Structure formats: structure tokens, C-alpha cells
Amino acid sequence: MRKRKAILSLILAAMLCGCAANSPAASPAPEPKTPELTAAPAEEESGFAPVRELDEAGMKTLIQAYASVMDETFGADIDFTKPDSEDDIARYYAVKNFRSVQEIRDYITTYVKESLIDGKSDFANDFTEKDGRLLAIRGGRGYGYYGIDPDSFRKISDTSAEVQFTLLDEAQKDAFALLSFEEENGMWKVAGITLPQGY
């Protein structure tokens, strides 16, 4: 009897060991997933590269922008070959490189201080938006009477340059305008102009 009990105990122990061996091993707990970092969206660009360093190339960029203020195109590429439309007051010409008056203001204020622009235009008299397009307004007054020749510029100091002065698109002999530059919020801009004596 004792022998039979001992045999039964051995069989039972063997069965328990076999079950444990055949049972699937417990799966390790899944590691928590590290969330993928998404790069922050790039800051929206205006499309106009500000002048951060006032070397000669930077000065020339600013002078070219200011020349377009003086001739009242404000950086707009205007097709003057044929009016888009006209009325009793003015003719309207297509602007190729801007779609709104705000775009023009954003462009020109990247390079020229607003105090110099406001004296030349409120933009409403020079441009109008129609059917999703930007048109330049011309008529009823003179345009671009005074001007400067950007290619003639000569650096005078670290913050000023001299440029040939023009009148009715013709260079005036020995007449030079002096432009001054100032830094504003990390961007260099045309800050002032001294016209030749007598103008």
C-alpha cells in the first residue's frame, strides 16, 4: 500500500513537471513606445531675404530697394507695354511679381524704413487689387521725377553710401545723394537720404 502511494506520488510529480515544462513561457511585458518627435514646422518665410550684414552687397540690395521707392514702383515688376484696362482717370497695368498691396508693403519695409516710404506713397493711389490680381495705377500726376542710380553707389562709411542722383531718368553730373542705413530688429534698412544741394 505504501509502495503504491509512493509510485502514485512519483507519477503525480512527474506529470506536474511535464505540464510546467510544456506551458508557454510568460511573454515579457511590452516596452513602452517612445513617441516619435516631430520637427517643429519651419517658420513661414516671407520670401524676402532681409539684409543681416551691411557689407557692400547688402548696401547695394538696400539701395536698389530704395531706388524703387523713389520711382514709385516699390519693387513691383510692372508691364508698361500695354494697359490692362483704363478709365477716365487712369490706366491700370499688370504687376508680375506681387499679388496684393500687402505683399508690396511687406517687401519694401524689409529694406526701407516706413518713415521714408510714407512720404512717397500710401499705396492705395499707386496699386489696386482686381479679380485676384494686382494692378499698378498710372495717370493724373508725374511719376519717378527724382531717382538714384544703384550701380553708381560708393561706400562712404560703415553705415552710409553715396549714389548718383538722377532727374527725369537722366544722371545729373556731379550730383550725389547720400543714403544712411540703420539696423532695426536685426535687419539693416535705408533710414535716410540727403539730396544734392539745390534739389
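Structural remarks
- The range 72-143: relative contact order as a whole-number percent, Cα under 8 Å and 6+ apart: 38
- Counting 0.36 nm for each residue step from D55 to E162 and taking away their Cα separation leaves a gain of 37.1 nm.
- Protection proxy ranking for 65-77, 180-192, using the average of other Cβ atoms within 10 Å per residue and placing the highest first: 65-77, 180-192.
- Computed label-point distance, nm, for sites D131 and Q64 using a 7 Å Cα→Cβ extension: 3.2
- Annotation: extensible slack from F48 through E184 equals 47.4 nm (criterion: 0.36 nm per residue apart, minus Cα-Cα distance).
- Point-to-point label distance, D118-K82, nm (Cα→Cβ direction, 7 Å offset): 4.1
- Length released on extending from L195 to K96, taking residue separation times 0.36 nm less the Cα-Cα span: 32.5 nm
Quick note: the coordinates plus some simple rules give every number you see, no bench work behind them. Everything quoted here is computed from the prediction, not taken from an experiment. Cβ: placed from backbone, ideal geometry, glycine included. Neighbour counts: every protein chain shown.
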